[in-house]
Amino acid sequence: MKTKISFYTLGCRLNQSETSVMQNQFESHGYQVVDFYQPSDIVVVNTCTVTKHGDNDTRKIVHKIQRVNPQAQIALIGCQAQTQKEILAEMPNVKWVVGNARKMELPEIIRDETASDHPVIVAPTIPRESFTIPAAGIDRQHTRANIKIQDGCDSFCSFCEIPYARGRARSREFDDILKEARVLVDAGHKELVITGINVGHYAYKGKGIVDVVSALDDVAGIERIRISSIEPTTIPDTLIQKMKTKTKLCRYLHIPMQSGHDDILQLMKRGYRIEDFLSLIQRIHSDVPEICIGTDVIVGFPGETDEHFKTTYHHLKSAPINYFHVFSYSKRKMAKAKKLADPVDPATIQERSHILRELRDRKRQAFYELFSGTTQTVLFEQKKDGFWAGLTDNYIRVKTKSTQTLENQLVDVKLDNIEHNFISGTIV
Ligand code: SF4
């Protein structure tokens, strides 16, 4: 009988993309991949350490595994395994702790390291070299597939532990990206999401992010290319020109702002002023008027006064930003900001987060209103509660009724009513 293995992914899109690759890898090693809630012999948790919540989630998941799958041996891998290996090794039923440097070798590590009574810890320093990925990230749950092109970061923003958890910036070999893209297309994926920690810093033998997009553009069968998130200081003009000329590149960019005030940006060591950020997104918005621009913002960074917060609020409100993720600042052990004075009290952080989340909902609503009554092409994903749900290239969530299956199909839909976080529409 095959060994059963299940997976749980915490954190970002990059982690999701790596989990998909690992699932396919384990299948090719003879395992049976089962759903997280099914009984399994081994459970792999791909951890995250971006905030305190990410850290706490690992503990919660380990306890959940003990309840739903008490016999299972647990492998904790990824970012928290890289930075807090000893803490993770003490958790119940944990058999393997494998950091980012070697997590893609997990099948071999499990094969070779089962005899020991103590948890096996494999978390060496992450090398700086370019890399390849041994399997494709075919995703059976989603029509979109993530394609990892880069890892690590050299920026050392003061709130962030990523350069420690994922190492310094390095890029995937160019041909290896295209090889995976062809496998993903053959498996039926029509939309590929370019992922990495800092994809704008992609650099392999003279090729950059625009070369990756152009090469994917030429792969027959890919209908959409989406960039998951890109730092404001790394967006080349040629990328925007590409988007403007109606290639397969989606009219969508997620560009982290983090704060709307220069004092805080400086403390965060973000390397730009708010004026630079705003003029960048204004320029992008006038070049590609129907683009959806998203951002990330941190509230409660040390020293953030009411004045700083009001400025952030003002910019989020008035700039062509259509949605944003709000993160509460939390101290990270390895990040430089832990030494900063003037912490913001938790109640204020909560209140500011609440104010921004309300603004976010209004901005998304305003963006959707611009498209109500227009016809847009939607890539449908799944049927839920009697409706087919999908996304436009500029990230509008659309629902429609159909007796035909729409899964993984691109369909023109006339958008009608806005209902909370989606628009209902009629197929034309
Ligand atoms: S750019 Fe800054 S926030 Fe983003 S991963 Fe690098 S260090 Fe972290």
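For this structure, a couple of remarks:
- In the stretch 113-137, the qualifying residues are those that are of a type in the set (A, V, I, L, M) and more than 16 Å from the ligand (Cβ to nearest atom), and the one that is farthest from I177 (Cα to Cα) is A115.
- For the stretch 79-89, the criterion of being in a loop (DSSP other than H, G, I, E, B), surrounded by fewer than 24 Cβ atoms within 10 Å (Cβ to Cβ) and on the phi < 0 side of the Ramachandran plot is met by at least one residue.
- Of all residues assigned to the stretch 144-158, at least one qualifies as being on the phi > 0 side of the Ramachandran plot and not hydroxyl-bearing (S, T, Y).
- Residue that is closer than 26 Å to V212 by Cβ, within 16 Å of the ligand (Cβ to nearest atom) and among the charged types (D, E, K, R), where the choices are R168, R102, R144, R140: R168
- Of all residues making up the stretch 171-199, the number that are over 14 Å from G137 (Cβ atoms) and either free of Cβ contacts under 8 Å to residues at least 40 places away in the same chain or within 16 Å of the ligand (Cβ to nearest atom) (or both): 5
- Test: residue in the stretch 413-426 that is in a strand (DSSP E or B) and closer than 23 Å to R140 by Cβ: no
- Within the stretch 281-337, restricting attention to residues that are acidic (D, E) and part of a loop (DSSP other than H, G, I, E, B), the residue that is surrounded by the most Cβ atoms within 10 Å (Cβ to Cβ) is E304.
- Evaluated against (1) under 30 Å from L406 (Cα atoms); (2) buried (at least 19 other Cβ atoms within 10 Å of the Cβ), A366 falls short on exactly one condition, (2).
- Single condition T400 does not satisfy, out of (1) outside the structural domain of I298 (by TED's automatic domain parsing); (2) surrounded by fewer than 16 Cβ atoms within 10 Å (Cβ to Cβ); (3) not charged (D, E, K, R): (2)
- Inside the stretch 160-179, residues that are surrounded by fewer than 18 Cβ atoms within 10 Å (Cβ to Cβ) and either in the same structural domain as N100 (by TED's automatic domain parsing) or basic (K, R) (or both) make up a count of 2.
- Hey, I147 part of a strand (DSSP E or B), outside the structural domain of V94 (by TED's automatic domain parsing) and either in contact with a His (Cβ under 7 Å, 6 or more places away or on another chain) or closer than 24 Å to P107 by Cα (or both) or not: yes
- The sole residue among I222, I240, I284, I227 that is more than 16 Å from the ligand (Cβ to nearest atom), assigned by TED's automatic domain parsing to the domain that holds Q150 and touching a strand residue (DSSP E or B) at 6+ places or on another chain (Cβ under 8 Å) is I222.
- Scanning the stretch 225-252 for residues that are of a type in the set (K, R) and within 23 Å of T132 (Cα to Cα) turns up just one, R226.
- Within the stretch 259-284, residues that are farther than 14 Å from T233 by Cβ reach partners that are among the polar types (S, T, N, Q) and surrounded by 14 or more Cβ atoms within 10 Å (Cβ to Cβ) with beta carbons closer than 7 Å, at six or more positions or on different chains, in the pairs S259/T312; G260/T311; G260/T312; H261/T311; H261/T312; L267/S158.
- The stretch 260-273, residues that are away from the ligand (no atom under 12 Å from the Cβ), closer than 25 Å to I240 by Cα and buried (at least 21 other Cβ atoms within 10 Å of the Cβ): G260
- Of the residues E180, E105, E129, the single one that is among the charged types (D, E, K, R), more than 20 Å from N15 (Cβ to Cβ) and out of contact with any helix residue (DSSP H, G or I) (no Cβ under 7 Å at 6 or more places or on another chain) is E129.
- Count - residues of the stretch 38-83 that are touching a residue at least 60 places away in the same chain (Cβ under 8 Å) and under 30 Å from C157 (Cβ atoms): 11
- With respect to (1) in contact (Cβ under 8 Å) with a residue 40 or more places away in the chain; (2) under 23 Å from the mean Cα position of the chain (by Cα), the lone exception for S28 is condition (2).
- Members of the stretch 377-404 that are among the hydroxyl-bearing types (S, T, Y) and touching a residue at least 12 places away in the same chain (Cβ under 8 Å): T377, T392, Y395, T400, S402
The values are calculated or read from the model by the stated rules, or taken from the named source; none is laboratory data. Just so it is clear, the model here is predicted, and its values are computed rather than measured. Heads up, the Cβs are rebuilt from the backbone with ideal geometry, glycines too, and the neighbour counts pull from every protein chain shown.
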